[in-house]
Every structure is written in structure tokens, then in C-alpha cells.
Amino acid sequence: MHPVLKLVVQRLALGLVLLLAVSAVIFLGIEALPGDTAQAILGQAATEVSLANLREKLGLNEPALTRYFVWLWAALHGDLGVALTNGVDIATAIGQRFGNTLFLAGCAAVISVPLAITLGLVAARYNGRWPDKVISGLTLTTISLPEFVAAYFVIFLLTQVFPIFQPVAMVFPGMSFWAKLNAVALPVIVLVMVVLAHMMRMTRAAILNVMQSAYIETAELKGLTPMQVIWRHAFPNAIAPIVSVVILNLAYLVVGVVVVEVVFGYNALGQYLVDHVTKRDLPVVQAVGMIFAAVYIGLNILADVISIGANPRLRHPK
Amino acid sequence: MKMPFSAMLGIFLTSSFVFLAVFAQFLAPYSITEASGGVWEGPSATHWLGTDTIGRDIFSRLIYGGQITIFVALASSVLAFSVGSFFGFMAAVRGGWADQIMSRIVDLMMAIPSLIVALVILSVLPLNLTVLILVIGLLDSTRVFRLSRAVAMDIAVMDYVEAAKLRGERQTWVIFREILPNALSPLVAEFGLRFIFAVLFISTLSFLGLGIQPPLADWGGMVKENKDGLVYGKSAALMPAFAIAALAISVNLVADWILSRTTSLKGGRGG
């Protein structure tokens with residue numbers, strides 16, 4: 001077997017094992033914590049009889065391990081159960097919201113990735129001079145802000161001081177693509193701000209790291225301009241670390257999206273999760289938590305696979 | 001060595017925040033629950049930073065909120081450090097299967113974003129200070145574990161550790177008397193970063209309504225209470241947001257300085 005293929009298969013298998021372990025933690029770990037689903041639904045005033053009846057109905061009397069496998073088997077077939085609070089089928093509720101989340105995160109990614117790489121290149125080119133200092137200073141500030149704080153600064157600036165945008169992001173089915181884009185403009189700006197800083201700093205570090213190699217010195221000595229050196233010699237060799245940086249930050253978007261959705265009242269997966277944590281609706285929380293974990297793990301595996309593919313030593317073995 | 005301006009600013013701001021938090025009861029002009037003015041008044045001589053959504057003094061609530069925010073963040077980062085570095089050192093000293101088990105558990109915990117884990121856990125546990133500190137501290141201890149294990153790995157192969165083992169010292173002695181003193185400086189810088197992380201974490205949880213519960217308030221919760229005013233141009237929600245940002249940036253400045261000092265002590269890269 002080709003070594004690249006072997007490594008890739010290994011990574012994918014590792015990802016599957018990890019996902020299985022995470023599902024066990026999310027299900028069995030929660031079971032191990034004090035608390036009782038039946039009690040959570042009926043509240044403190046529940047009688048012993050009604051509690052016992054509900055436990056029977058929800059199958060809570062089965063051992064936890066049995067219930068875990070029943071849940072896992074159903075989840076693999078697309079059946080995530082029904083929400084405790086309103087009895088709505090979880091898979092249907094998630095389906096539409098997941099699309100909205102992907103739309104928001106996708107828009108943020110499309111803007112932030114090219115911007116971060118360009119800024120990173122510029123900062124590396126002028127390393128230690130004023131463009132680098134300005135970019136680094138600004139990104140250091142945004143790194144220190146939690147998403148919701150950044151969001152409210154942006155809201156105040158762009159809806160009150162300069163009234164350009166609407167402070168809520170409502171998206172509903174049947175909206176035209178442009179209307180949707182317009183609606184998510186503010187949340188996208190916030191998300192871009194939040195991931196841009198990390199992405200740009202890591203791109204800069206990756207390029208500066210490559211810039212210390214001997215072949216860069218050779219390229220400089222044969223008279224190439226600094227931008228040519230970066231573009232032709234440093235960038236191709238920095239692609240692997242840059243790609244993994246970009247994808248790791250997209251994974252970071254997964255978390256940022258939860259908070260930003262709540263800030264803007266954007267009807268999507270993150271908002272749905274937080275709502276149901278407040279209502280203590282365990283099946284929903286487990287299902288959505290699993291989806292977020294799966295996306296996060298999937299992106300991490302993707303980053304590994306791409307950096308394996310970008311490594312010429314692995315592609316062309318001796 | 002001369003202290004750079006940014007580090008001095010950071011230390012000054014951080015210590016003022018701590019001072020305000022410690023002496024909140026004496027410094028705050030109003031109580032935390034007292035509605036002493038109109039709804040969302042602007043800054044005035046009686047209410048320095050204005051009033052909030054039900055007329056409580058924002059300045060006083062900021063001081064009390066800072067007390068809770070800093071207390072929770074400090075407690076959870078201390079917990080994260082004691083748990084994380086103890087097990088990290090243990091993994092480095094013992095090696096073998098103990099190291100494998102602990103490292104794989106940490107890998108598993110770090111495979112899911114901590115906010116998601118926290119949300120899942122908080123959906124079953126009661127929301128009180130102890131639970132919040134435990135959850136944030138334990139989730140954060142995974143990062144400390146990785147760092148302290150890596151640092152201790154370098155130290156555990158030193159001759160003096162070998163000598164201590166050979167003269168029959170117990171494991172706790174090796175960890176606390178041989179490794180800990182030599183691993184302290186990178187860990188101190190990391191403590192600053194973990195503290196900021198805890199501040200941002202507790203603020204985010206409170207903002208989502210899953211952290212500190214009313215009538216107590218921390219900064220994140222204050223943003224949540226006052227966020228609706230922003231639409232009408234009332235900037236009350238920005239005050240606690242600004243406080244979070246200022247605390248995070250000032251601790252960051254100090255941590256950066258300590259980090260650069262310790263790396264230059266070792267003659268590391270980038271001078």
C-alpha cells in the first residue's frame with residue numbers, strides 16, 4: 001500500500017474511534033453525573049408514582065450500557081429521538097437549523113481565510129516593521145476578546161454610531177440568497193474578526209519559520225525581490241502548516257458560532273443547543289453536542305490528511 | 001532587566017482590578033440589588049457609569065461583578081493548575097502505562113471543544129458556584145496537563161532527578177522537590193493565560209444564561225441583562241464588556257512579559 005494512503009486510512013480510523021469514544025462520554029458520562037431525567041422533566045413536585053411511571057416509559061430502568069447501544073444504533077440510522085420538552089422529532093429540528101449554521105460559518109470562512117493568509121503574508125514580509133506591528137497589535141486585541149464582547153462592540157459601532165446594519169439576523173426559508181447574505185452580514189463580521197486573528201498570527205509564524213531555511217537565503221542572494229521569495233519559495237513550503245492552521249480555526253468557528261448565534265438571535269444549531277441546555281432537555285443536548293463534536297473532529301482529521309498529502313517526502317518515498 | 005511599558009501597564013491594571021474586587025464591599029457606592037435610579041440613565045454625578053435595565057447602579061455592579069468573575073476564574077485556574085500539573089508531572093515521572101492512560105484521556109477530552117462539553121455537563125448539573133468552578137477548572141486542567149507533562153519530560157531525564165530516584169526518594173518528593181521548582185517559570189506564564197481563559201469562559205457561560213445566576217451578577221451576566229438597550233442606543237451593556245476586555249488584555253500583557261523573560265533566560269529563540 002502507498003504510504004500516504006496508509007497514513008490517511010490510519011487517520012480516518014483513528015477519527016472513527018475518537019468519535020465513538022466521544023459518543024460514549026457524552027452518553028455514559030452524563031449518566032454517571034448526579035441527576036435524573038424523569039425528575040428533570042416533572043420537576044421537584046413530582047410524586048414517586050409518576051416518577052416511576054415516566055422512568056418506565058422512557059426506558060430508564062434498563063442499564064445505562066444497554067440504553068447507550070440502543071441510542072447509538074438509532075442515531076446511526078438517523079433517529080435521534082424526540083425532545084423531552086415539546087416532543088418534536090430531533091432529527092427534523094436539527095436538519096433545517098444545521099443548514100443555517102453552515103451558511104453562517106461558510107460565509108465567515110469564505111471571507112476570513114483569504115484575508116488572513118494575505119495579512120499573514122504581508123506581516124511576514126514586513127516582519128518587525130510598522131505594517132507587521134499594526135497588524136499584530138490589532139490581532140492581539142481581538143484575541144483577548146470573547147466572541148460576545150466583540151459582537152456587542154461591533155453591534156454598537158455598526159448599528160448605533162454608524163447605522164448601516166440591522167442588529168438582528170433573521171433567516172427563514174424562502175428568503176432569496178441576497179436577502180440572506182444581507183441578514184447575516186453582522187454575525188459574519190464578528191466571526192471573521194474572531195477567527196481572523198488566530199489564523200493570521202499562525203500563518204505569519206508558519207512563514208517566518210520557513211524563512212529561516214537555507215534555500216530562502218539562496219533565493220535572496222540570487223537577487224529575487226522579497227515578495228517573490230515569499231511567494232515562490234516560502235509559501236509552497238508553508239502550505240502544510242497554513243492549511244492545518246486554517247482548518248483548526250474553522251473548527252474554532254464551530255464554537256464561536258454557538259455564542260454568535262445567541263447574540264444575534266439567529267435561528268440555528270447553536271441557539272437550539274443553548275436553549276435546550278437551559279430547559280435541561282438531555283436528548284437534544286446529547287444529539288447537538290454530538291454533531292458539534294463530529295464536525296470538530298472531522299475538521300481536525302481533514303487537517304491531518306491534507307498535511308500528509310502536502311508533504312513531498314511522503315508522496316514520493318524513496 | 002528593565003520592565004517594558006506594556007508590562008507595567010498590565011501589572012498596574014491587573015492590580016487595580018484585583019484591588020477593586022477584594023475591597024468591593026467598601027468601595028461600591030450602592031448595593032448590588034438596590035434600584036437607585038431610573039432605567040438606563042446616562043452617566044451622572046450620582047451614577048458614574050449610569051444605571052442598568054432596572055435602575056441599578058452600573059459602577060457598583062461592575063465592582064461586585066468583578067469580584068465574582070475574578071474569584072471564579074482564580075479558583076478554577078488554581079484547580080486546573082493543581083490537578084493538571086500534578087497529573088502531568090506524574091505522567092512524566094512514571095511513564096509507561098500510567099502516562100498512556102492519562103494522555104489518552106486528555107486527548108479524548110480535548111477532542112471536543114470545551115464550551116460544548118461544558119454545555120452538555122451543565123444541562124444535568126445544578127448551576128451553582130462550586131459546579132461552575134469544578135467544570136471550568138477540570139476542563140482547563142487538560143491544557144495544563146499537556147504543558148506540565150512536556151516540561152517535566154525534559155526535566156525528568158536530568159541527572160539530579162536520576163540521583164534522587166537512585167537514593168530512594170519517594171515519587172511525591174521527586175515531583176514536588178526536584179521537578180516542580182525547575183518547571184515553575186513556564187508554568188507561571190501559563191497561569192496567566194489559563195486565568196484569562198477562565199475569565200472568558202465564565203463570562204461566556206453567564207452570558208448564555210448558564211453561569212452565575214441572578215441576583216448575583218458577573219460581567220458576562222451584566223452584558224446579557226443590558227443587551228437589549230443597545231438597540232435603543234443605550235450603551236449600558238458595553239461597560240461590563242469593556243471590563244472583560246480590559247482585564248483580559250492587561251493579564252495578557254503581564255503573561256507575555258513573563259513568557260519572554262523566561263524564554264530569554266533559557267537563551268531560547270528570538271532573544
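The values are calculated or read from the model by the stated rules, or taken from the named source; none is laboratory data. If you're wondering where the values come from, they're calculated on a predicted model, not measured in any experiment. No Cβ is skipped: glycine too gets one built from the backbone with ideal geometry, and neighbour counts run over all protein chains shown. SASA here: full protein model, heavy atoms, side chains in, ligands and nucleic acids out. Shrake-Rupley method; radii C 1.70, N 1.55, O 1.52, S 1.80 Å.
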Legend entry - Members of the range A:58-90 that are farther than 20 Å from A:L16 by Cβ, in contact (Cβ under 8 Å) with a residue 40 or more places away in the chain and of a type in the set (A, V, I, L, M): A:V82, A:A83, A:L84, A:I90
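Conditions (1) within 22 Å of B:L108 (Cβ to Cβ); (2) open to solvent by 80 Å² or more (accessible area, probe 1.4 Å); (3) among the small types (G, A, S), marked per residue:
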site	(1), (2), (3)
B:G137	yes, no, yes
B:R146	yes, yes, no
B:D159	no, yes, no
B:I179	no, no, no
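Which residues, taken from the range B:181-214, are in a loop (DSSP other than H, G, I, E, B), among the small types (G, A, S) and open to solvent by less than 10 Å² (accessible area, probe 1.4 Å)?
Within the range B:181-214, just B:G211 meets the criteria.
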Inset, instruction - Name the residue, out of B:D228, B:D256, that is facing chain A (nearest Cβ under 9 Å) and open to solvent by 10 Å² or more (accessible area, probe 1.4 Å). - result: B:D256
Legend entry - Residue satisfying condition, being farther than 28 Å from A:L253 by Cα and either modelled with pLDDT under 90 or buried (at least 19 other Cβ atoms within 10 Å of the Cβ) (or both), within set B:D154, B:D107: B:D154
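Yes/no per residue for (1) open to solvent by 20 Å² or more (accessible area, probe 1.4 Å); (2) over 13 Å from the mean Cα position of the chain (by Cα):
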position: A:V259; (1), (2): no, no
position: A:V262; (1), (2): yes, yes
position: A:A268; (1), (2): no, yes
position: A:T278; (1), (2): yes, yes
position: A:V284; (1), (2): no, yes
position: A:F292; (1), (2): no, no
position: A:V305; (1), (2): yes, yes
position: A:R315; (1), (2): yes, yes
Legend entry - Flag for B:E169 being of a type outside the set (F, W, Y), surrounded by 13 or more Cβ atoms within 10 Å (Cβ to Cβ) and part of a helix (DSSP H, G or I): no
Legend entry - Of all residues making up the range B:215-249, the number that are assigned to a loop (DSSP other than H, G, I, E, B) and modelled with pLDDT of 80 or more: 3
Legend entry - Tally, over the range A:164-209, of residues that are modelled with pLDDT under 75 and either not assigned by TED's automatic domain parsing to the domain that holds A:G265 or not in a helix (DSSP H, G or I) (or both): 13
Legend entry - Matching residues, the range A:250-265, being of a type outside the set (A, V, I, L, M) and in contact with a Pro (Cβ under 6 Å, 6 or more places away or on another chain): A:F264
Inset, instruction - Return the total of residues in the range A:194-214 being of a type in the set (A, V, I, L, M) and open to solvent by 60 Å² or more (accessible area, probe 1.4 Å). - result: 2
Inset, instruction - Can you give me the number of residues within the range B:197-222 that are farther than 18 Å from B:L74 by Cα and at the interface with chain A (Cβ under 10 Å from one of its Cβ atoms)? - result: 4
Inset, instruction - Out of B:A92, B:A118, report the one residue that is assigned to a helix (DSSP H, G or I), at the interface with chain A (Cβ under 10 Å from one of its Cβ atoms) and in contact (Cβ under 8 Å) with a residue 60 or more places away in the chain. - result: B:A118
Inset, instruction - Please state which of the following conditions A:R280 fails to meet, knowing it meets all the rest: (1) closer than 27 Å to A:I155 by Cβ; (2) facing chain B (nearest Cβ under 10 Å). - result: (1)
Legend entry - Test: residue in the range A:219-240 that is touching a Phe, Trp or Tyr at 6+ places or on another chain (Cβ under 7 Å), surrounded by fewer than 23 Cβ atoms within 10 Å (Cβ to Cβ) and not basic (K, R): yes
Inset, instruction - Looking at (1) part of a helix (DSSP H, G or I); (2) more than 21 Å from the chain's Cα centre (by Cα); (3) surrounded by fewer than 24 Cβ atoms within 10 Å (Cβ to Cβ), find the lone condition where B:T142 falls short. - result: (2)
Inset, instruction - Might you let me know whether the range A:27-41 holds any residue that is modelled with pLDDT of 80 or more, hydrophobic (A, V, I, L, M, F, W, C) and within 15 Å of A:V288 (Cβ to Cβ)? - result: yes
Inset, instruction - Please specify each residue of the range A:108-131 satisfying the condition of being touching a residue at least 40 places away in the same chain (Cβ under 8 Å), hydrophobic (A, V, I, L, M, F, W, C) and either open to solvent by 80 Å² or more (accessible area, probe 1.4 Å) or more than 13 Å from A:V254 (Cα to Cα) (or both). - result: A:I111, A:V113, A:L115, A:A116, A:I117, A:L119, A:L121, A:A123, A:A124
Inset, instruction - Determine whether B:V117 is under 16 Å from A:I291 (Cα atoms), over 17 Å from the mean Cα position of the chain (by Cα) and open to solvent by 10 Å² or more (accessible area, probe 1.4 Å). - result: yes
